[in-house]
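Bear in mind that the values in this text are calculations on the coordinates, not laboratory data. Please read all numbers here as calculations on a predicted model, not as lab measurements. For neighbour counting, all protein chains shown are included, and Cβ atoms are generated from backbone atoms with ideal geometry for every residue, glycine included.
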Amino acid sequence: MENLIFIKGDCFNSKIVKELKEKNINIGLINPPYSQKDVVELEFVEHLLDILTIGGIGVVVVPMSCAIGTKFKEVRERLLKKHTLKAVFSMPDEIFYPTATNVCVMVWEAHNPHNEMVETFFGYCKDDGFEKKKICWKG
């Protein structure tokens with residue numbers, strides 16, 4: 001636990017980015033905010049990967065549309081020019097209940113351009129054996 005880094009603030013703040021890069025971080029895990037008006041989910045992913053060391057691993061929880069389809073095609077292509085997509089796997093439906101966002105986990109290797117000749121793992125993990133209890137908390 002002593003190597004964990006907790007910084008509260010804007011991830012696009014240049015002082016925070018500089019501080020993070022100086023730490024030589026090789027693993028990052030994010031669940032970026034969805035459906036922002038000014039920054040799309042894959043731009044948060046791109047930002048994470050740019051902060052990680054060469055060969056670092058970025059694991060991200062994002063809407064399925066980030067991995068497939070044409071909605072984020074331009075940003076996805078930009079990412080693949082600089083980083084390797086190692087794996088994508090779906091998550092069970094309603095995992096973020098009560099929202100209905102269909103999500104996946106993407107695993108990236110930072111600063112290593114994607115090689116089209118190397119296969120990317122795609123997994124379908126819809127039925128994980130757990131039973132969801134739909135409870136809405138009132139705060």
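Compute the length gained on full extension between Phe12 and Ile27: take 0.36 nm times their separation in residues and subtract their Cα-Cα distance, giving the result in nm to one decimal.
Gain in length upon complete extension: 3.6 nm.
Residues in segment 8-14 carry Karplus couplings, in order, of 9, x, 6, 5, 9, 5, 4 Hz; the curve used is 6.51 cos²θ - 1.76 cosθ + 1.60 with θ = phi - 60°, and Gly or Pro positions show x. Scanning the chain for chymotrypsin sites (Phe, Trp or Tyr not before Pro) lying in DSSP loops with no more than 10 further Cβ atoms inside 10 Å, the longest uninterrupted stretch between such sites is 7-123. Comparing Gly123, Gly69, Gly28 in a Gaussian network model of the chain where C-alpha atoms under 10 Å apart are linked, the largest mean-square fluctuation is found at Gly69. Converting phi to 3J(HN,Hα) with the Karplus coefficients 6.51, -1.76 and 1.60 and the offset θ = phi - 60°, segment 67-80 yields 9, 10, x, 9, 4, 10, 4, 5, 5, 4, 5, 5, 4, 5 Hz in sequence order, with x at every glycine or proline.
Normalised radius of gyration (Cα atoms, divided by 2.2 N^0.38 Å) for segment 1-57: 1.14. The charge dipole of segment 1-82, taken about the Cα centre with unit charges on the Cβ atoms of Lys, Arg (+1) and Asp, Glu (-1), comes to about 160 debye, rounded to the nearest 20.
Exceedance of the 30 Å cut-off in Cα-Cα distance is limited, within the set Lys82/Lys132; Lys73/Lys126; Lys15/Lys37; Lys71/Lys126, to Lys82/Lys132. The H on the amide N of Asn102, modeled in the peptide plane, is under 5 Å from the matching H of Met64, each at least 5 residues off or on a different chain.
Among the trypsin sites (Lys or Arg not before Pro) in segment 1-104, those located in a DSSP loop and surrounded by at most 10 other Cβ atoms within 10 Å of their own Cβ are Lys8, Lys37.
By how many nm would the segment from Ile5 to Asn102 grow when fully extended, if each residue of separation counts as 0.36 nm and the alpha-carbon distance is taken off?
32.0 nm
A simple rule links phi to the HN-Hα coupling: the Karplus curve 6.51 cos²θ - 1.76 cosθ + 1.60 with θ = phi - 60°, which for segment 116-124 gives 4, 7, 9, 6, 9, 6, 10, x, 10 Hz, with x for Gly and Pro. Per-residue ellipticity at 222 nm, computed for the chain from helices alone with -39500 (n - 2.57) per DSSP H run of at least four residues, works out to -6500 deg cm²/dmol. Of all beta bridges that DSSP places with both ends in segment 2-105, some 55 percent have antiparallel geometry. Taking the alpha-carbon centroid of each part, what is the distance from segment 82-134 to segment 15-35 in angstrom? Cα centroid of segment 82-134 versus Cα centroid of segment 15-35: 20 Å apart. Charged side chains reduced to their Cβ positions (Lys and Arg at +1, Asp and Glu at -1) give segment 25-123 a dipole of some 120 debye around its Cα centre.
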